[in-house]
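Novice: Pasting in a structure now, in structure tokens, and then I'll have a few things to ask.
Please treat every number below as a calculation from the coordinates, not as lab data. For clarity, every value in this text was computed on a predicted model and none was experimentally measured. Please note: Cβ atoms are built from the backbone with ideal geometry, for glycine as well, and neighbour counts cover all protein chains shown.
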Amino acid sequence: MVTVENLSGLSSGTVADGEGDNTSSRQLGRISCTTDDGRITLWADIVALEGESIHVLSVMGAESAVKAVAAILHSEGKARFRIEAEGINPYVEFGKEKDGYCVYKHRASLNHWHFLCISKKKGLLTCMDEASVWRELRSERFTTPLLRGWSPYIVDELKDRELLLRLEGFGCDAGLLAADNDELDEIVTDGLKFQKIVIE
């Protein structure tokens with residue numbers, strides 16, 4: 001069983017009110033998926049978008065409809081998505097991420113399921129905190145030698161150079177680390193050259 005609350009690294013949007021009770025600041029939206037076979041509309045509580053691609057999607061609904069959307073995301077067939085939610089243009093159509101998705105599912109009731117779909121796009125961060133960015137910087141994508149103490153400087157530089165981007169959407173704090181190895185090398189070299197970071 002996988003739920004949003006226990007999936008590692010996904011920011012849930014739940015905040016503490018200071019008296020020990022948790023209150024959700026999440027909004028709900030509706031997502032419609034259109035294919036040659038018809039249209040499916042479901043509730044969504046997490047959406048993260050980049051350009052015309054959907055990178056994170058959490059939907060809830062009848063078993064057949066939710067499984068159909070998950071199958072569409074996994075298939076090579078054409079599909080277009082529209083999202084009705086605050087802050088998102090309802091007339092813009094979105095497509096599938098070409099790198100595919102990891103899908104987590106959970107039965108919520110007798111005939112209702114919750115599905116969480118996260119794209120496999122390189123550099124996708126389901127949470128934009130410093131620890132998540134650092135984890136990605138230490139992945140096999142990069143060979144630049146790094147020290148943990150440099151993390152605040154590197155994160156600020158990535159944002160300034162528009163190489164660390166916050167994704168549009170709601171319900172999560174997703175982002176994309178678009179830097180390549182040469183760009184990370186340059187950030188570290190500049191930091192050492194101008195003594196913004198030091199080797200200790």
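Novice: What is the sum of charges around residue 120, taking Lys and Arg as +1, Asp and Glu as -1, for the other residues whose C-beta is under 14 Å from the C-beta of residue 120?
Specialist: Result for the neighbourhood of residue 120: +1.
Novice: If you line up the long axis of helix 181-193 against the longest principal axis of the chain, both from Cα atoms, how many degrees apart are they, to the nearest 10?
Specialist: It works out to around 40 degrees.
Novice: Which residue, 111, 49, 176, has the largest displacement toward the positive end of the dipole of the chain when charges sit on each Cβ (Lys, Arg +1; Asp, Glu -1)?
Specialist: Checking the options against the dipole of the chain, the answer is 111.
Novice: When only DSSP loop residues count, what trypsin sites (Lys or Arg not before Pro) in region 105-200 have their Cβ near at most 13 other Cβ atoms within 10 Å?
Specialist: Sparse-neighbourhood loop trypsin sites (Lys or Arg not before Pro): 120, 122, 138, 161.
Novice: Sticking with this one: Using Cα positions and a limit of under 17 Å, work out the aspartates and glutamates in reach of residue 159, with same-chain residues fewer than 8 apart set aside.
Specialist: Reachable aspartates and glutamates: 50, 129, 130, 136, 168, 173, 180, 182, 183, 185, 186, 190.
Novice: Further question on the same structure: Provide the convex hull volume over Cα atoms per residue for the chain, in Å³. Please list the in-between numbers first.
Specialist: Numbers: hull volume 29.6 nm³, N = 200.
For the chain, the hull spanned by Cα atoms encloses 148 Å³ per residue.
Novice: Additional query: Rounded to a whole number, what is D in µm²/s for region 117-200 from Stokes-Einstein with the Kirkwood radius over alpha-carbon pairs (4 °C, 1.567 mPa s)?
Specialist: Working: Rh = 13.3 Å.
Estimated via Stokes-Einstein, D reaches 98 µm²/s.
Novice: Under a straight-distance cross-link criterion of Cα-Cα below 24 Å, which lysines are reachable from residue 78, leaving out those fewer than 8 residues away in the same chain?
Specialist: Residue 78 reaches 67, 96, 98, 105, 120, 121, 122.
Novice: Taking the Cα centre as origin and putting +1 on Lys and Arg beta-carbons and -1 on Asp and Glu beta-carbons, what dipole magnitude results for region 45-140, to the nearest 20 debye?
Specialist: 400
Novice: On to the next question. Between the helical axis of 63-74 and the dominant principal axis of the chain, each derived from Cα atoms, what acute angle in degrees is found, rounded to the nearest 10?
Specialist: Tilt of helix 63-74: around 40 degrees.
Novice: Which chymotrypsin sites (Phe, Trp or Tyr not before Pro) does region 50-149 hold that lie in a coil by DSSP with at most 16 other beta carbons within 10 Å?
Specialist: Hits after loop and neighbour filter: 91.
Novice: Where does the charge balance sit around residue 67 when Lys and Arg score +1, Asp and Glu -1, over other residues with C-beta under 12 Å from its C-beta?
Specialist: Summing Lys/Arg as +1 and Asp/Glu as -1 gives +1.
Novice: Would you please name the GluC sites (Glu not before Pro) within region 126-177 that are DSSP coil residues with at most 10 other C-beta atoms within 10 Å of their C-beta?
Specialist: On the way: sites: 130, 136, 140, 157, 162, 168; in loops: 140, 162.
Listed in order of number, the matching sites are 140, 162.
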